[in-house]
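Visitor: Below is a structure I'd like to ask you about.
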Amino acid sequence: MNNALIDSLDSLGQWLASRDYSFTTPTPATHARINGRRGMEIASSLRDIFGWSRPFSPELLSGEVLGWLRDGDLLEIAEDRFRSRARYSSVGGRLYAHSAFPTIDPDSIFFGPDTYRFIDLIRSELGLLPVGTNAKILDICCGAGPGGIEAALVSPAAAPSVTFADINPAALDFARANARLSGVSKTYFAEGDLFGAVSGEFDLIIANPPYLVDAANRIYRNGGGLLGTALSERIVGEGISSLAPGGRLILYTGVAIVDGVDLFLRNIKNPLDAEGVSFRYRELDPDVFGEELDTPAYEHAERIAAVALVAQRSSS
C-alpha cells in the first residue's frame, strides 16, 4: 500500500472539488483527437491539467498543489513543462482519480465510457432491488473502484460493506483514495487473481472486467482467451459459488459477435442453467471499440457489443 500516493490523490481530489472541477472522460480515440487540435497542446485550466492530461506551466498551480503531486510521485517534468500522472473524472458530483492519458503502461488504471455505463447499470439494478442492511458487496476487477463506491452509495442507510479486489496493486491504491474521497468507509481491499483473493459469500458481486484482446497485455484491457472473454467467463463460473443465498451478480462486459452469434452468452448459459441460477442478459451498446475489428484477433468478428448480465442465486 502506497500511503503517500493515497494521501496525495485524496488531497488533490478534495482541492479540485472545492473549485467545482468537473470532467467527463471520453474514449481514448476521442481524447487523442481533441488533444491533437491546434491550440490544445498546452494546458490553460484545471480541466486541461487533470482531465485532458495536457502539459502545463508550473505557474498554473500553487506550491501546495505541486507538493501533493510530488509527494505522490504524480508529477512528470520535462524541461519547463509539468504533467500530472493522475486524471480526475466526475460522476454525479463525485470525483474519481485514475491514470493520466494515454493509458499505455501495463498497470494503468482506466476510466471511460464503459465506466459510466457500468455505473448506470448498477444504479438501475439497485434502484429496482436495493441491497439489504449490512450487505456484503464485492467489486471484482475493481480498478479505481467506482463500481463498488457507487453501489454502496445507492443505499447508504443499509450501511453495506465493500470489498475491492484486483490483481493490480496500483488499482487498489487508487480505489482506497477514491473510497476515502467519496466518504465510503466500510471497505476492505484484496490483491489477487479474481476470487482467489477473497473468501466467504457476498450479497452482491459486481464486475466490469477487461474484455479485449490486447497485444500489449495491459492488465486493465486484456480479458484473455481468443476473443477477450476468458475473465468474464471465469467471473460467472466462480462468482455464482461466492454468492450468498439470494445474492446477485451484476456483470458488465464486452463480447465479440461472430456470424450473428454471441459466443460469450453461448458459453455461460449452460453453466448458469445447470446451477439453477436465474439470469437476465441484454446488450447495452451494440457497437463499441470498432477500431479493434481491424486487428488480427477480431478478423472474424462483425462487431463488439457491451452487454449486461444479472444473475441471482436461489434464496433456498
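Visitor: Short version: ³J(HN,Hα) in whole Hz for each residue of the stretch 88-95, in order, from phi by Karplus 6.51 cos²θ - 1.76 cosθ + 1.60 (θ = phi - 60°), x for Gly and Pro, what are they?
Guide: Those phi angles translate into 10, 10, 10, 9, x, x, 9, 10 Hz.
Visitor: Once each part is reduced to its C-alpha centroid, what is the distance from the stretch 68-124 to the stretch 164-201 in angstrom?
Guide: So the separation of the two Cα centres works out to 17 Å.
Visitor: Okay, moving on. Quick one: grab the alpha carbon gyration tensor of the stretch 54-193, order the square roots of its eigenvalues as a ≥ b ≥ c, and give me rounded if a/c is under 1.5, else prolate or oblate depending on whether a/b is larger than b/c.
Guide: Prolate is the answer for the stretch 54-193, as a/c is 1.5 or above and a/b outweighs b/c.
Visitor: Quote the relative contact order of the chain in percent (integer), defining contacts as alpha-carbon pairs under 8 Å separated by 6+ residues.
Guide: Relative contact order here is 13 percent.
Visitor: Continuing with the same structure: Full extension from residue 14 to residue 120: what is 0.36 nm times the residue separation minus their Cα-Cα distance, to one decimal in nm?
Guide: Working it through step by step, the gained length comes to 35.7 nm.
Visitor: Something else about it: In the chain, carbon and sulfur make up what percent of the accessible area (probe 1.4 Å)?
Guide: 50
Visitor: Okay, next question. How large is ³J(HN,Hα) for each residue in the stretch 286-303, as worked out from phi by the Karplus curve 6.51 cos²θ - 1.76 cosθ + 1.60 (θ = phi - 60°), to whole Hz, x for Gly and Pro?
Guide: Going residue by residue, I get x, 8, 10, 6, x, 5, 5, 5, 7, 8, x, 4, 10, 5, 9, 8, 9, 5 Hz, with x marking Gly and Pro.
Visitor: Further, regarding this structure: Hey, what D do you get for the chain in µm²/s if you plug the Kirkwood alpha-carbon radius into Stokes-Einstein at 4 °C and 1.567 mPa s?
Guide: 64
Visitor: Right, next: From the phi angles alone, apply the Karplus equation (6.51, -1.76, 1.60; θ = phi - 60°) to the stretch 153-161 and give each ³J(HN,Hα) in whole Hz, x where the residue is Gly or Pro.
Guide: 7, 5, 10, x, 5, 6, 6, x, 9
Visitor: For the stretch 236-316, what is the accessible area per residue in Å² when the probe is 1.4 Å?
Guide: Per-residue value: 48 Å².
Visitor: For residue 47 and residue 185 in the same chain, what is the full-extension length gain: residue separation times 0.36 nm, less their Cα-Cα distance, in nm?
Guide: So the chain would gain 46.9 nm between residue 47 and residue 185.
Visitor: Once amide H atoms are built 1.01 Å from N in the peptide plane, which residues 5 or more positions from residue 138, or in another chain, come under 5 Å H to H?
Guide: Close amide H contacts, sequence-distant or interchain: 163, 204, 205, 206.
Visitor: Among 91, 6, 226, which residue has its Cα furthest toward the positive end of the charge dipole of the chain, with +1 on Lys/Arg Cβ and -1 on Asp/Glu Cβ?
Guide: 91
Visitor: When all C-alpha to C-alpha distances in the stretch 125-243 are sorted into bins of 5 Å, what percent of pairs does each bin hold, rounded to whole numbers?
Guide: Percent of Cα pairs in each bin: 2, 12, 22, 23, 20, 13, 6, 2, 0.
Visitor: Per residue, how much accessible area does the stretch 1-91 have with a 1.4 Å probe, in Å²?
Guide: Value for the stretch 1-91: 51 Å² per residue.
Visitor: Can I ask one more? Whose amide H sits under 5 Å from the amide H of residue 75, counting only residues 5 or more places off or on another chain, with H placed in the peptide plane?
Guide: Here the answer is 85, since their amide H atoms fall under 5 Å of that of residue 75.
Visitor: Still on this model: So what's the angle, to the nearest 10 degrees on a 0 to 90 scale, between helix 169-182 and the longest Cα principal axis of the chain?
Guide: For helix 169-182, the angle is close to 80 degrees.
Visitor: Under the rule of at least 5 residues apart or a separate chain, name every residue whose amide H is placed under 5 Å from the amide H of residue 190.
Guide: Placed amide hydrogens put 164, 165, 166 under 5 Å from residue 190.
Visitor: To the nearest 0.05, how large is the calculated FRET efficiency for residue 134 and residue 80 if R₀ is 51 Å and r is the Cβ-Cβ distance?
Guide: Between residue 134 and residue 80 the formula returns 0.40.
The values are calculated or read from the model by the stated rules, or taken from the named source; none is laboratory data. Every value quoted in this text rests on a predicted model; they were computed, and no experiment measured them. Because the Cβ atoms are built from the backbone with ideal geometry, glycine has one as well, and the counts that use them run over all protein chains shown. Just so you know, the surface numbers come from the protein's heavy atoms only, side chains and all, with ligands and any DNA or RNA stripped out. Shrake-Rupley method; radii C 1.70, N 1.55, O 1.52, S 1.80 Å.
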